[in-house]
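Engineer: Supplied in structure tokens, the structure appears directly below.
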Amino acid sequence: MMMMGTSFEELSRNGSDCSEEVEVIVNVGGIRQILYGDILNRYPETRLAELISCLAGGYDAIFSLCDDYDPGKREFYFDRDPDAFKCIIEVYYYGEVHMKKGICPICFKNEMEFWKVDLSFLDECCKSHLSEKKEELEEIAKRVQTILDDLGVDTTESRWKRFQKYVWKFMEKPESSFPARVTAVLSFLFILTSSVVMCVGTIPEMQVEDEEGNHLEHPVLDNIETACIGWFTLEYLLRLLSSPNKLHFTFSFMNIIDVLAILPFYVSLTLTHLGARMMELTNVQQAVQALRIMRIARIFKLARHSSGLQTLTYALKSSFKELGLLLMYLAVGIFVFSALGYTMEQSHPDTLFKSIPQSFWWAIITMTTVGYGDIYPKTTLGKLNAATSFLCGVIAIALPIHPIINNFVKYYNKQRVLETATKHELELMELHSGGHDLRGFRRDTGGSEDMYMWSHLKGSHSDTFIPALSKEKHYRTRLQSCK
């Protein structure tokens, strides 16, 4: 069958004795290729290598490996992706597999599993794409599961548990309902109002004097501040009580910011009313003033309601390596140019460079092109050193900027893709359920929604080939081949 001039019965009898000389003809997605036994036997555990030894087992063994077989043309047929097959077949010639651009990594992984080629043959650069795609699918699955949890109502839970979930969804997910969206907008306005009041309260014309002549905030501004703190406190307590994981909630970065925005008010209130009895009034006022400065932490609460600020935060977090390089470049330049500036300026009688540590300030403002002018060189060599320092500073700052911008754009686009993919998965799930509302999904599946969701995600993202023929059609094809 597969040897030129050799019948199927003869090749079945000889089997492995002439496997080195066998020519295997495969048709993958309409692409016909001729492969040789000596090449395929380099990896005998793969599907293509098994085609050589399957001839002795008859049609049952043949059809366990391929979708169809034509004894007249001596061809094995596979309904698989031909582009992926062109990449996978390279393992027999080069000992490694490279994934072409435009092929889904998850789909390519499934193709490698079908052809029984181990993933260890995949090149490292391609493995990184596969890992990234897996993380995206996990994130999509997690988002879909979260939406399903919000839509579903578990009647077996206690009334307090259902109320706790409702409060958590109300406070943490503005998109869940119109009242939740209004509450989020109101919280955003309270943050802005509190920040504006903090700034306006420092204007001397907006302050009042007490009996001892000390400047205090206007009572109206103080009342507005108290109202804002009351709202922040109520919001934090509701979120804390309804949190499913209170330990994780307490030590979350944004929740620590919330505590830092609230705590100074109560500490300063306690010191004002009780601290005067235990320490001097001057010390109490200084402590209260220092705590009031900590109110600037509440501006970071805006990140909770701003996707742009969240994207910037994650982009900077993923750019720690680039930021570290930037700081290293600047640190080396500051040390070198401050030492040179101090040395070159010692010959001038009115030098402003008193020591190398004091020259650090001059090097910083020069390399960052700020140039306050409070410290400047007066000698010719010092001026040349200054010119070189700010040119090097511009180069040092410009080099890591492009990767940081790329990380920001990449993360922003990725979030948009994930949101679109999540909506697409929900639409597919609703279509799969026959157009029924997904609110009953948890009840209808009997608690197996996780298994269904993962299988649905895998199916919708990993199908790169035409679905296999039905059993009846497959059986008819085999009968036709046997004739």
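The values are calculated or read from the model by the stated rules, or taken from the named source; none is laboratory data. Values in this document were obtained by computation on a predicted structure and should not be read as measured data. Because the Cβ atoms are built from the backbone with ideal geometry, glycine has one as well, and the counts that use them run over all protein chains shown. Note: areas computed on protein heavy atoms with side chains; ligands, DNA, RNA excluded. Shrake-Rupley method; radii C 1.70, N 1.55, O 1.52, S 1.80 Å.
Engineer: Can you tell me which condition residue 182 does not meet? The list is (1) part of a helix (DSSP H, G or I); (2) open to solvent by 80 Å² or more (accessible area, probe 1.4 Å), and all the others hold.
Structural biologist: That leaves (2) as the condition not met.
Engineer: How many residues are more than 13 Å from residue 46 (Cβ to Cβ) and either open to solvent by less than 10 Å² (accessible area, probe 1.4 Å) or touching a residue at least 40 places away in the same chain (Cβ under 8 Å) (or both) if we restrict to region 79-92? First the steps, then the outcome.
Structural biologist: Just the residues of region 79-92 that are more than 13 Å from residue 46 (Cβ to Cβ), to begin with: 79-84, 86-87.
Applying the additional criterion that residues be either open to solvent by less than 10 Å² (accessible area, probe 1.4 Å) or touching a residue at least 40 places away in the same chain (Cβ under 8 Å) (or both) yields 79-82, 84, 86-87.
Qualifying residue count, region 79-92: 7.
Engineer: For region 192-210, give me the residue count where each residue is over 20 Å from residue 269 (Cβ atoms) and modelled with pLDDT under 80.
Structural biologist: 1
Engineer: Residue by residue through region 40-64, note down the ones that are in a loop (DSSP other than H, G, I, E, B), loosely packed, with under 15 Cβ neighbours inside 10 Å and without any contact (Cβ under 8 Å) to a residue 40 or more places away in the chain. Even if it seems obvious, please write down each step before you answer.
Structural biologist: We begin by selecting, within region 40-64, every residue in a loop (DSSP other than H, G, I, E, B); these are 41-46, 64.
Still in the running and loosely packed, with under 15 Cβ neighbours inside 10 Å: 42, 44-45, 64.
Within region 40-64, 44, 64 meet the criteria.
Engineer: Here's a follow-up. Any idea which residue in region 186-245 is nearest to residue 259 (Cα to Cα), counting only those that are of a type in the set (Gly, Ala, Ser) and open to solvent by less than 50 Å² (accessible area, probe 1.4 Å)? Talk me through it step by step, then tell me what you get.
Structural biologist: Here is the first cut: in region 186-245, the residues of a type in the set (Gly, Ala, Ser) are 187, 194-195, 201, 213, 227, 230, 242-243.
The next check asks that each one be open to solvent by less than 50 Å² (accessible area, probe 1.4 Å); those that pass are 187, 194-195, 201, 213, 230, 242-243.
Working: 187: 15, 194: 15, 195: 16, 201: 22, 213: 33, 230: 13, 242: 17, 243: 16 Å.
It comes out as 230.
Engineer: Among (1) at positive phi; (2) modelled with pLDDT under 50, where does residue 6 come up short?
Structural biologist: Against the list (1) at positive phi; (2) modelled with pLDDT under 50, residue 6 comes up short only on (1).
Engineer: Let me ask something else about it. Please identify the pairs in which a residue from region 192-221 that is touching a residue at least 24 places away in the same chain (Cβ under 8 Å) has its Cβ atom under 7 Å from the Cβ atom of a residue that is basic (Lys, Arg) and open to solvent by less than 50 Å² (accessible area, probe 1.4 Å), counting only partners at least 6 apart or on another chain.
Structural biologist: 194/298; 195/298; 198/295
Engineer: Something else: Which of the residues spanning region 96-114 are touching a helix residue (DSSP H, G or I) at 6+ places or on another chain (Cβ under 7 Å) and either among the small types (Gly, Ala, Ser) or within 15 Å of residue 39 (Cα to Cα) (or both)?
Structural biologist: Scanning region 96-114 gives a single hit, 96.
Engineer: Out of region 162-179, which residues are open to solvent by less than 50 Å² (accessible area, probe 1.4 Å) and among the hydrophobic types (A, V, I, L, M, F, W, C)?
Structural biologist: Scanning region 162-179 gives 167, 171.
Engineer: Hey, another quick one. Condition first: among the charged types (D, E, K, R) and open to solvent by 40 Å² or more (accessible area, probe 1.4 Å). Now tell me which residues in region 323-367 satisfy that.
Structural biologist: Keep residues of region 323-367 that are among the charged types (D, E, K, R), which gives 345, 350, 354.
Within region 323-367, 350, 354 qualify.
Engineer: Continuing with this model, one more query. Just to be sure I understand, how many residues within region 65-78 are touching a residue at least 60 places away in the same chain (Cβ under 8 Å) and either in a helix (DSSP H, G or I) or surrounded by fewer than 17 Cβ atoms within 10 Å (Cβ to Cβ) (or both)? Reasoning before the result, please.
Structural biologist: Restricting attention to region 65-78, the residues satisfying the condition of being touching a residue at least 60 places away in the same chain (Cβ under 8 Å) are 67-71, 74.
Filter once more, keeping what is either in a helix (DSSP H, G or I) or surrounded by fewer than 17 Cβ atoms within 10 Å (Cβ to Cβ) (or both): 70-71.
Count: 2.
Engineer: Note down all Cβ pairs under 9 Å where the first residue falls in region 27-39 and is more than 21 Å from residue 94 (Cα to Cα), the second is of a type in the set (A, V, I, L, M), and they're at least six residues apart or on different chains.
Structural biologist: Note: pairs meeting the criteria are 29/466.
Engineer: Another question, if that's okay. Looking at region 95-117, I want the residues that are more than 13 Å from residue 83 (Cβ to Cβ) and open to solvent by 20 Å² or more (accessible area, probe 1.4 Å) and have a partner that is at pLDDT 85 or above and among the basic types (Lys, Arg) with Cβ atoms under 9 Å, at least 6 apart or on another chain. Which pairs are those?
Structural biologist: Partner pairs satisfying both residue conditions: 95/42; 114/47; 114/80; 116/47.
Engineer: Now for a different question. One residue is enough: does region 415-436 have a residue meeting the conditions over 30 Å from residue 334 (Cα atoms), modelled with pLDDT of 80 or more, open to solvent by 40 Å² or more (accessible area, probe 1.4 Å) and polar (S, T, N, Q)?
Structural biologist: Yes, some residue in region 415-436 is over 30 Å from residue 334 (Cα atoms), modelled with pLDDT of 80 or more, open to solvent by 40 Å² or more (accessible area, probe 1.4 Å) and polar (S, T, N, Q).
Engineer: Among the residues of region 195-210, are any more than 17 Å from residue 238 (Cα to Cα), among the acidic types (Asp, Glu) and under 28 Å from the mean Cα position of the chain (by Cα)?
Structural biologist: At the first step, the residues of region 195-210 found to be more than 17 Å from residue 238 (Cα to Cα) are 195-210.
Now restrict to residues that are among the acidic types (Asp, Glu): 205, 209-210.
Checking which are under 28 Å from the mean Cα position of the chain (by Cα) leaves us with none.
No, because not a single residue in region 195-210 is more than 17 Å from residue 238 (Cα to Cα), among the acidic types (Asp, Glu) and under 28 Å from the mean Cα position of the chain (by Cα).
Engineer: Give me the residue from region 376-396 that is touching a helix residue (DSSP H, G or I) at 6+ places or on another chain (Cβ under 7 Å), open to solvent by less than 90 Å² (accessible area, probe 1.4 Å) and in a helix (DSSP H, G or I) and, out of that set, nearest to residue 325 (Cα to Cα). Full working, then the answer.
Structural biologist: Start the filter on region 376-396 by keeping residues that are touching a helix residue (DSSP H, G or I) at 6+ places or on another chain (Cβ under 7 Å), which leaves 377, 379, 381-382, 385-386, 389-390, 392-393, 396.
After this cut, where a residue has to be open to solvent by less than 90 Å² (accessible area, probe 1.4 Å) as well, the list is 377, 379, 382, 385-386, 389-390, 392-393, 396.
Subsequent filtering for residues that are in a helix (DSSP H, G or I) retains 382, 385-386, 389-390, 392-393, 396.
Details: 382: 27, 385: 23, 386: 22, 389: 17, 390: 18, 392: 14, 393: 13, 396: 9 Å.
Applying the filter and picking the extreme gives 396.
Engineer: How many of the residues in region 258-271 are at pLDDT 80 or above and of a type in the set (Val, Ile, Thr)?
Structural biologist: Looking only at that region, the number is 2.
Engineer: I need the full set of residues from region 364-375 which are hydrophobic (A, V, I, L, M, F, W, C) and part of a loop (DSSP other than H, G, I, E, B), in order please.
Structural biologist: So in region 364-375, the residues hydrophobic (A, V, I, L, M, F, W, C) come out as 364-365, 367, 370, 375.
Matches in region 364-375: 370, 375.
Engineer: Let me ask something else about it. Go through (1) among the polar types (S, T, N, Q); (2) under 39 Å from the mean Cα position of the chain (by Cα); (3) farther than 30 Å from residue 146 by Cα and name the single condition residue 346 misses.
Structural biologist: It is condition (2) that residue 346 fails.
Engineer: A further question follows. When the residues of region 397-406 are narrowed to those that are touching a residue at least 12 places away in the same chain (Cβ under 8 Å) and not aliphatic (A, V, I, L, M), which ends up most open to solvent (accessible area, probe 1.4 Å)? Quick ask: steps written out before the conclusion?
Structural biologist: First, the residues of region 397-406 that are touching a residue at least 12 places away in the same chain (Cβ under 8 Å): 397, 399-400, 403-404.
Retained after the next criterion (residues that are not aliphatic (A, V, I, L, M)): 400, 403.
Working: 400: 7, 403: 44 Å².
Here the residue is 403.
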